[in-house]
1. Would you give the gap between the C-alpha center of region 7-83 and the C-alpha center of region 145-201, rounded to a whole Å?
2. With each run of n ≥ 4 DSSP H residues scored as -39500 (n - 2.57), what mean residue ellipticity at 222 nm is computed for the chain after dividing by its residue count and rounding to the nearest 500 deg cm²/dmol?
3. If you wrap a convex hull around the Cα atoms of the chain, how much volume per residue is inside, in Å³?
Amino acid sequence: AAGAADPRLVAAIRAAAERLIGEEERLTELDRAVGDGDLGANLARGARAVLAELGTYENRSAAAVLRALSATLRRTVGGTSGALYAAGLLRAAGALEGKAAPGAGDWAGALAAGAGAIATLGDAKIGDRTMLDALLPAAERLGGAAPGDLAAAVSAARDGAARSADIAPRRGRSSYLGERVLGLPDPGAEAVAAWLAAIAAALRP
Ligand code: ADP
Ligand code: MG
Ligand code: MG
């Protein structure tokens, strides 16, 4: 059908969801150490809901798929992450509106738009020890010299998540714990690196 989702988009979403389910325990442990311990379960709950409705994505445009993802994550994930991912996906969907076959540059633009929406809603920037420490460098790399270089975007996300371990928290619940969190990475940034790596692996040519 016209505007039907690229099967690779569905495969990428499946891979991201399965990875988040696989990471539930690690993210829970990490959020227990530096936050309130719910991130792993929250993201896994969202991922299971996404897997359950994956079949309904097949005949929709990329923009419609991201809008559906946004609604499902808003409903199922909860917490700070649920609201932020929902806002980011909605903005990313807007960036893809009307594009029947989005290319690498379109996807890079969508990721950057989504990350920007998260930064606005979260009132956070790079270096605030949040998911943006992985997401913003990844978006920048994806839209850089070789648009669509997912492997480069993944290493940028991983480096950013690793660097978050050296940052004293200023946003989210971690900020209540102050310097006690130093040495451990931000769980939200680790989650971004994990789902992005799964997408890259699923789309590897
Ligand atoms: P909570 O349990 O505090 O509601 P979650 O466990 O759902 O939050 O998500 C925690 C993650 O959300 C953090 O590790 C961080 O990456 C991200 N985060 C928290 N606050 C913000 C913010 N203001 N802006 C961007 N990301 C944030
Ligand atoms: Mg939490
Ligand atoms: Mg919570």
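1. Result: 17 Å between the Cα centres.
2. Numbers: 10 runs with 140 residues, N = 205.
For the chain, the value works out to -22000 deg cm²/dmol.
3. Working: hull volume 19.6 nm³, N = 205.
Hull volume normalised by residue count: 96 Å³.
Readers should treat all values here as calculations from the given coordinates under stated rules, not as data from a laboratory. Predicted, not measured: the structure shown is a model, and the values here were computed from it.
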